[in-house]
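In what follows, a structure is listed as structure tokens, so that the remarks can point back to it.
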Amino acid sequence: MAECKNQRKHVLLLAYQSFGIVFSDLSIPPLYVYKCTFSGRLRHYQNEDTVFGAFSLVFWTLTLFSLFKYVGFMLCANDNGEGGIFALYSVICRHAKFCLLPNQQAADEEISTYHSVGYSYRNVVSSRFKKFVEGHKKMKTALLVLVLFGAAVFITIAIFTPAISILSSVEGLQVRAKNLHHGMLVIIALFLLIGLFVLQHYGMHRVAFIFAPIVILWLLSIAFVGIYNIIKWNPRVYQALSPYYIYKFFGETGKDGWISLGGILLCITGTEVIFAGLGHFTASSIRVAFSFVVYPCLVLQYMGQAAFLSQNFSSVSTSFHSSIPDSLFWPVTVMATLAAIVASQAVVSATFSIAKQCHALGCFPRIKIVHKSKWVHRQTYVPEINWALMILCLAVTVGSQDTIHLGNAYGIACITGIFVTTCLTSMIIDFVWHKNLLVALLYFSFFGIIEIIFVSSSCMRIPKGGWVPLVLSAVFMSVMYVWHYGSRKKYLYDLHNKASMKWILTLGSDLGIVRIPGIGLVYTELASGVPAMFSQFITDLPTFYQVVVFICVKTVPIPYVSQKERYLIGRIGPKPYKMYRCIVRYGYKDVHENDDYDFENAIVMSVAEFIQLEAEGGGTLDGSVDGRLAVVRSSENFGKRFMMSESDGNKESSSWSYPASGSSSRSAALQKLKSMYELESPEFCNRRRIQLKLLDTTYKDSRVKEEILELLEAKDAGVAYVIGHSHIKAKWNATFWKRLLINVFLSFLRKNCRSPSVGLNIPHISLIEVGMNYYL
């Protein structure tokens, strides 16, 4: 009983917190839905039945999409509790051979969260449609392009959401200040937009605690205003809940009514955020908040506005603000502005997450991803995206200067994103849930046909601003696809040109070079074999470190990978070669380690554990084995063989001191330069330094202890990070379009994005770059 009570409290707490993140965007459309709906020739139909028909359309659109489709159904199509378009794509890729990600291994399927709980997919007969798609590479590419287009549309939505939300919230000032010029409203909106994005830069965590109360007060306020208008202006408006008024609406308005659907669909803008924000909460908490608070408040508000318009049609351009009682006008207007800012912040934050997921899946140029523990849990900040969104948001606000034009663009972007989600969900019904293909077709037919009707109506608004989101989405999608194409071609080139193990073995244990003290972490995208970069390095400069660890940082199509399953360790060549492989697996929503010392220690401890388990014959290995690769962190003894000592950047730990400079591979001059660099660099002043010391543990084989001690001595001598500095060109005999794509577009993106060392959090002082030419 107590456990059940605590669970209910937890659901209610999450439901309360969800208002500020999940539902803020959906609560803003009452500001502009009726204004945009009656902006065209529909304004000539000034009668009660037309207004009631418009409300009936709003009610049933909100009910079918927000309540039934997203809250009722889409929350079930999650990826281990995560939502969003990439969650749908990753679920499909795990249960069908659609994934175009490189480095996928059989060992990845043994990760505990790889297969969803409650479903068994391995012994189920695949449908014919699934086999058809799996057997055609062009179909896989088409699916990826569809997903990238959906992600591009979401980014475009993040441009228009702040613009239309904030501008529509301040337009109410003209209701009281008749002489206030519209240009002044645009300037006010621009200042608020700049403040929004600047606040993103400094961290929204400082004011995040007020988001939920603001949205709750806003919802209760508009519900009260709706009830007031129903009672005062037209109590019969409840009759419009019947779909019969939709029939009457189209019977009277005809083509003009169909065109007005582009304004009606604005009532469901924000539904995508409900699904995208699922990872922060639970499906039950979202359902509770929407069903008992959000949905009733929105219905009451739309109903109240319809009652007001049925008697005051001349005020349709300011229907929301004009319907507010005089005594509540300024409080509600202020709440509208605050709620618009919160809604904009929620969409922008969701866009950061989308960009991060695109980057993790190799479909977005390298960007700086900032995450701090004191920030909102699981939320990130991407500076490049933030400032780009601000510039574009200001541009569309100044360019349109009107809510109607913004609504035309906003609506077509939202309904396009919803249609992409419907397509992916239909595939999940067939490929993942293994329902009859007819069930998937029925789902697609029901929602897809309705969405296509909305899309066809929105297409009529393309000349009036609707072309802007289509152009922006096409540009964003092109950037993503070009980057994915170049990354995949580069990986295939590395895979084809990797050094043969036969050549490595002929060099001997010293590799035919001088082995100096230290550890060399060689970064490569290959999960098997030795990259050509390494063979080129030791050929041009016949010196390398005593211990070599090939690091492959890759993304698997699941949201999160636990620390115990993250590191996959193996050996390359015989033991005297002291060459190891470490595959570091992240989920597409995982946050990479920011502390390179933590990462170094994790690598060293994982390799040491592998050495011990290898000597024991893998008998104590509690995990999966992929050939000579093993998950070592699942061992019960992991980390128990070492003592860790910590010191800051200025004062060494009293446990034991750093080794003398004589044990390091660096000369005295280099040691002095390194010390000066660390003292002059702010990031090194208070840097954590952790050292490992082997405890007095008995070993059956003395050679195991010697190898582990050599590993620790190499770490004490220093750790260097070796990465490739790539120069990519198209082959001389490539087609014109391929040369244009690689030599122009891809080259431009690579020159104007972050370096690989930034994305991998590699300290600059320890970085070695090896130049590599790629001819794709």
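The values are calculated or read from the model by the stated rules, or taken from the named source; none is laboratory data. Note that this is a predicted model, so its numbers are computed, not measured. For neighbour counting, all protein chains shown are included, and Cβ atoms are generated from backbone atoms with ideal geometry for every residue, glycine included. Just the protein is used for accessible areas: all its heavy atoms, side chains included, with ligands, DNA and RNA removed. Shrake-Rupley method; radii C 1.70, N 1.55, O 1.52, S 1.80 Å.
For the range 152-163, state whether one or more residues are modelled with pLDDT of 90 or more, polar (S, T, N, Q), in a helix (DSSP H, G or I) and surrounded by 18 or more Cβ atoms within 10 Å (Cβ to Cβ).
Let us first name the residues in the range 152-163 that are modelled with pLDDT of 90 or more, namely 152-163.
Those still in the list that are polar (S, T, N, Q) too: 156, 161.
Narrowing further to those that are in a helix (DSSP H, G or I): 156, 161.
Filter again for surrounded by 18 or more Cβ atoms within 10 Å (Cβ to Cβ), leaving 156, 161.
Looking for residues that are modelled with pLDDT of 90 or more, polar (S, T, N, Q), in a helix (DSSP H, G or I) and surrounded by 18 or more Cβ atoms within 10 Å (Cβ to Cβ), one finds at least one in the range 152-163, hence yes.
Looking only at residues that are hydrophobic (A, V, I, L, M, F, W, C) and surrounded by 24 or more Cβ atoms within 10 Å (Cβ to Cβ) in the range 282-302, which one is farthest from the chain's Cα centre (by Cα)?
Among those residues, the one meeting the criterion is LEU298.
Only one residue in THR416, THR422 is outside any loop (DSSP other than H, G, I, E, B) and more than 25 Å from LEU167 (Cα to Cα). Which one?
Just a single option satisfies the conditions, and that option is THR422.
For the range 55-88, enumerate the residues that are of a type in the set (S, T, N, Q) and more than 25 Å from CYS297 (Cα to Cα).
Within the range 55-88, ASN78, ASN80 meet the criteria.
Among the candidates SER18, SER39, SER27, SER90, single out the residue that is in contact (Cβ under 8 Å) with a residue 12 or more places away in the chain, in contact with a His (Cβ under 8 Å, 6 or more places away or on another chain) and farther than 22 Å from TYR244 by Cα. Spell out how you get there, then give the answer.
Details: SER39 fails: in contact with a His (Cβ under 8 Å, 6 or more places away or on another chain); SER27 fails: in contact with a His (Cβ under 8 Å, 6 or more places away or on another chain); SER90 fails: in contact with a His (Cβ under 8 Å, 6 or more places away or on another chain).
Criteria check complete, one pass: SER18.
Please tell me if ILE723 is part of a strand (DSSP E or B) and either modelled with pLDDT under 80 or outside the structural domain of LEU521 (by the TED database) (or both).
no
Would you tally the residues in the range 169-194 being part of a helix (DSSP H, G or I) and in contact (Cβ under 8 Å) with a residue 24 or more places away in the chain?
Final tally of qualifying residues: 14.
Specify which of the listed residues (ASP622, ASP626) is modelled with pLDDT under 85, within 30 Å of ASN78 (Cβ to Cβ), open to solvent by 30 Å² or more (accessible area, probe 1.4 Å) and touching a helix residue (DSSP H, G or I) at 6+ places or on another chain (Cβ under 7 Å).
ASP626 is the lone residue from the list that is modelled with pLDDT under 85, within 30 Å of ASN78 (Cβ to Cβ), open to solvent by 30 Å² or more (accessible area, probe 1.4 Å) and touching a helix residue (DSSP H, G or I) at 6+ places or on another chain (Cβ under 7 Å).
So, of the residues in the range 707-759 that are among the hydroxyl-bearing types (Ser, Thr, Tyr) and touching a helix residue (DSSP H, G or I) at 6+ places or on another chain (Cβ under 8 Å), which turns out to be farthest from ARG571 (Cα to Cα)?
Across the range 707-759, the extreme among qualifying residues is SER726.
Every residue in the range 430-450 that is touching a Lys or Arg at 6+ places or on another chain (Cβ under 7 Å) and over 18 Å from VAL133 (Cβ atoms), please.
PHE447
Looking at the range 508-527 only, could you name the residues that are more than 22 Å from GLY759 (Cα to Cα) and either modelled with pLDDT of 85 or more or not small (Gly, Ala, Ser) (or both)?
Those that are more than 22 Å from GLY759 (Cα to Cα) and either modelled with pLDDT of 85 or more or not small (Gly, Ala, Ser) (or both): ASP510, LEU511, ILE513, VAL514, ARG515, ILE516, PRO517, GLY518.
What residue, among those in the range 212-240 that are of a type in the set (Val, Ile, Thr) and closer than 13 Å to PHE19 by Cβ, is least open to solvent (accessible area, probe 1.4 Å)? If you could, list the steps in order and put the result at the bottom.
Pass one, the range 212-240, residues of a type in the set (Val, Ile, Thr): 214-216, 222, 225, 227, 230-231, 237.
Restricting the remaining residues to those that are closer than 13 Å to PHE19 by Cβ gives 214-216.
Working: ILE214: 20, VAL215: 1, ILE216: 37 Å².
My answer is VAL215.
Answer yes or no as to whether ARG585 is within 22 Å of the chain's Cα centre (by Cα), buried (at least 22 other Cβ atoms within 10 Å of the Cβ) and outside any loop (DSSP other than H, G, I, E, B).
So ARG585 fits the description; yes.
When you check GLY465 against the structure, is it under 23 Å from ILE155 (Cα atoms), modelled with pLDDT of 90 or more and of a type outside the set (D, E, K, R), yes or no?
No: the conditions fail for GLY465.
Would you check which residues across the range 492-507 are among the hydrophobic types (A, V, I, L, M, F, W, C), assigned to a helix (DSSP H, G or I) and out of contact with any strand residue (DSSP E or B) (no Cβ under 8 Å at 6 or more places or on another chain) and list them?
Within the range 492-507, LEU492, LEU495, TRP503, LEU505 qualify.
From the residues in the range 736-774 that are hydrophobic (A, V, I, L, M, F, W, C) and assigned to a strand (DSSP E or B), which one is surrounded by the most Cβ atoms within 10 Å (Cβ to Cβ)? Explain how you work it out, then say what you get.
Taking the range 736-774 and keeping what is hydrophobic (A, V, I, L, M, F, W, C), we get 736-737, 740-742, 744-746, 748-749, 753, 758, 760, 762, 765, 767-768, 770, 772.
Of the ones still in play, those that are also assigned to a strand (DSSP E or B) are 767-768, 770, 772.
On the way: LEU767: 15, ILE768: 15, VAL770: 18, MET772: 20.
Across the range 736-774, the extreme among qualifying residues is MET772.
Scan (1) open to solvent by less than 10 Å² (accessible area, probe 1.4 Å); (2) touching a Leu at 6+ places or on another chain (Cβ under 9 Å); (3) of a type outside the set (Val, Ile, Thr); (4) not in a loop (DSSP other than H, G, I, E, B) for the single condition CYS363 breaks and write down its number.
(4)
Just to verify a result, which residue in the range 154-197, among those that are under 19 Å from LYS35 (Cα atoms) and either among the polar types (S, T, N, Q) or not assigned by the TED database to the domain that holds GLY270 (or both), is nearest to the chain's Cα centre (by Cα)?
The residue in question is THR161.
Can you find a residue in the range 113-130 that is under 20 Å from ILE418 (Cα atoms) and touching a strand residue (DSSP E or B) at 6+ places or on another chain (Cβ under 8 Å)?
No, the range 113-130 contains no residue that is under 20 Å from ILE418 (Cα atoms) and touching a strand residue (DSSP E or B) at 6+ places or on another chain (Cβ under 8 Å).
Check LYS435, LYS489 and return the single one that is of a type in the set (Lys, Arg) and part of a helix (DSSP H, G or I).
LYS489
Inside the range 445-480, can you point out the residues that are open to solvent by less than 70 Å² (accessible area, probe 1.4 Å) and among the aromatic types (Phe, Trp, Tyr)?
Filtering the range 445-480 for residues open to solvent by less than 70 Å² (accessible area, probe 1.4 Å) gives 445, 447-448, 450-451, 454-459, 461-462, 465-466, 468-470, 472-474, 476-480.
PHE447, PHE454, PHE476 - these are the residues of the range 445-480 that are open to solvent by less than 70 Å² (accessible area, probe 1.4 Å) and among the aromatic types (Phe, Trp, Tyr).
Only residues that are closer than 24 Å to SER535 by Cβ and out of contact with any Leu (no Cβ under 9 Å at 6 or more places or on another chain): list them for the range 718-754, please.
Within the range 718-754, GLY718, GLY724, HIS725, SER726, HIS727, ARG750 meet the criteria.
Out of everything in the range 16-26 that is buried (at least 24 other Cβ atoms within 10 Å of the Cβ) and within 12 Å of PHE290 (Cα to Cα), what residue ends up being nearest to the chain's Cα centre (by Cα)?
VAL22
So which of PHE275, PHE320 ends up being buried (at least 24 other Cβ atoms within 10 Å of the Cβ), over 30 Å from the mean Cα position of the chain (by Cα) and not small (Gly, Ala, Ser)?
PHE320
When residues of the range 27-58 are filtered for being open to solvent by less than 10 Å² (accessible area, probe 1.4 Å), among the hydrophobic types (A, V, I, L, M, F, W, C) and either more than 19 Å from HIS321 (Cα to Cα) or not in a loop (DSSP other than H, G, I, E, B) (or both), how many remain?
8
With over 30 Å from LEU42 (Cα atoms) and assigned to a helix (DSSP H, G or I) as the only criterion, which of PHE308, PHE292 stands out?
Values: PHE308 fails: over 30 Å from LEU42 (Cα atoms).
Just one listed residue meets the conditions, PHE292.
When residues of the range 716-766 are filtered for being within 13 Å of LEU776 (Cα to Cα) and among the hydroxyl-bearing types (Ser, Thr, Tyr), how many remain?
3
Of the numbered conditions (1) more than 24 Å from ALA340 (Cα to Cα); (2) modelled with pLDDT of 90 or more; (3) of a type in the set (A, V, I, L, M), LEU26 fails exactly one; give the number of that condition.
Checking LEU26 against (1) more than 24 Å from ALA340 (Cα to Cα); (2) modelled with pLDDT of 90 or more; (3) of a type in the set (A, V, I, L, M), the one that fails is (1).
Please go through the range 520-548 and pick out each residue that is farther than 19 Å from SER500 by Cβ, buried (at least 18 other Cβ atoms within 10 Å of the Cβ) and of a type in the set (A, V, I, L, M, F, W, C).
LEU521, VAL547
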